[in-house]
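Structure first, then comments.
Each reported figure results from applying straightforward, stated rules to the coordinates on display, with no laboratory input. Given the structure is predicted, the values throughout are model-derived calculations rather than measurements. Cβ sites come from the backbone with ideal geometry, for glycine too, and all protein chains shown count toward neighbours.
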Amino acid sequence: MGKLLEGKTAIITGGGKAMTKAGEIGAIGYGIATAYAKEGADLVLTGRNLKKLTDAKEELERLYGVKVLPVQADISAAGDNEAAAKHVVDETVKTFGKIDILVNNAQASASGISLAEHTLEQFNLAIYSGLYSAFLYMRECYPYLKETQGSVINFASGAGLFGNFGQCSYAASKEGIRGLTRVAATEWGKDNINVNIVCPLAYTAQLEAWKEYQPEAYEKNIHGIPMGRFGDPEKDIGRVCVQLATPDFKYMSGETLTLQGASGQRP
């Protein structure tokens, strides 16, 4: 049986390798990259930390025999963001000749700070790294996705769906991405590009830091998950992202999938 993404090229933002203190892989982007590599996709990984990207390249190429291009990029309030996104897309096309899949996973934020105490700098951190990043990469990738009738997978969060305390800028960014996704699904349907949203709940290095910072909130959160655990970045999140980029799910577009162990239920 062939690999599901053989011959495909995917850009994954925020795709670097990170570790939890327990030694587990602690990044959703890397979990997606692993799932994609196992299915034969060549990858372009972006992020702020070049070492995390090159570490990911070394491991994914060694284990799965795919080609991985790391491109350092940071969408921020102080950056030349249009040039940064265009550079990633140009390098992708120069190396692989096409773009089949765009996964907008990158997001930074200041969590645990109430709206009344949030600074503009903190708000900008979330909006630029998440919402502006998704917009710019989608816009720059569109001509190539149109050629391949490709797929876009954007990331939102239960923080926006349910208004989590202390996450105003993060929630605003993620809900903005959901709106952007629905518009793209409408506008790009004629091009047979499907655009969907994933709201994950997975054990990551960031979640581990939150556990140390707010242990009571962490315990309350995990007890509220009917499945009794946080998701695995590769198996529970990455595998769904694989399916969203296959022909079996092409007719689904503009939808929000909550991968949260039954804790993300909504009307």
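Rounded if a/c is under 1.5, else prolate if a/b is larger than b/c, else oblate: which is the chain, with a ≥ b ≥ c the root eigenvalues of its Cα gyration tensor?
rounded
Report the net charge of residues surrounding Ala84, where surrounding means a beta-carbon distance below 14 angstrom and charges are Lys +1, Arg +1, Asp -1, Glu -1.
So the environment of Ala84 carries a net charge of -3.
From the phi angles alone, apply the Karplus equation (6.51, -1.76, 1.60; θ = phi - 60°) to region 142-153 and give each ³J(HN,Hα) in whole Hz, x where the residue is Gly or Pro.
Per residue, the Karplus-derived 3J(HN,Hα) values read 3, x, 7, 5, 5, 5, 9, 6, x, 9, 10, 10 Hz.
Using a Förster radius of 25 Å, what is the FRET efficiency between Lys98 and Ala205 based on their Cβ-Cβ separation? Nearest 0.05, please. Before the final figure, lay out each step's value.
Numbers: r = 32 Å, r/R0 = 1.29.
Efficiency, from the Cβ-Cβ distance: 0.20.
Net charge near Asn154, counting Lys/Arg +1 and Asp/Glu -1 over other residues with Cβ under 14 Å of its Cβ?
+2
Angle, helix 28-38 long axis vs. longest principal axis of the chain, Cα atoms, 0 to 90°, nearest 10?
30 degrees
Using just the helices of the chain, give the 222 nm mean residue ellipticity in deg cm²/dmol: DSSP H runs with n ≥ 4 each add -39,500 (n - 2.57), and the total is spread over all residues, rounded to 500.
-13000 deg cm²/dmol
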